[in-house]
Amino acid sequence: MNYHFHPIPRPSSLDMLSDEQLIDIYELAIEAKASPEFIDIIENVLSRRNLLYACKHKS
């Protein structure tokens, strides 16, 4: 018999955060001058949630 295993994609840790938690992480990452790669990952999640524009234009 041939068995094929197809793993179900698991959400990333960032995907499991609430919108508010994700925004807080983003702001802390910017403030801490985290690596651009890490900030890009957060921005991708924010973008999927339609929150990126709000974060970048927050007063």
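Read the figures in this text as sums done on the coordinates, not as results from a lab. Because the structure is predicted, anything quoted here is derived from the model rather than measured. Neighbour counts are summed over all protein chains in view; Cβ atoms, including those assigned to glycine, are modelled from backbone coordinates with ideal geometry.
Other residues whose C-beta falls under 14 angstrom from the C-beta of residue 47 contribute a net charge of -1, scoring Lys and Arg +1 and Asp and Glu -1. If you take all other residues with their beta carbon under 12 Å from the beta carbon of residue 17, and give Lys and Arg +1 and Asp and Glu -1, the sum is -3.
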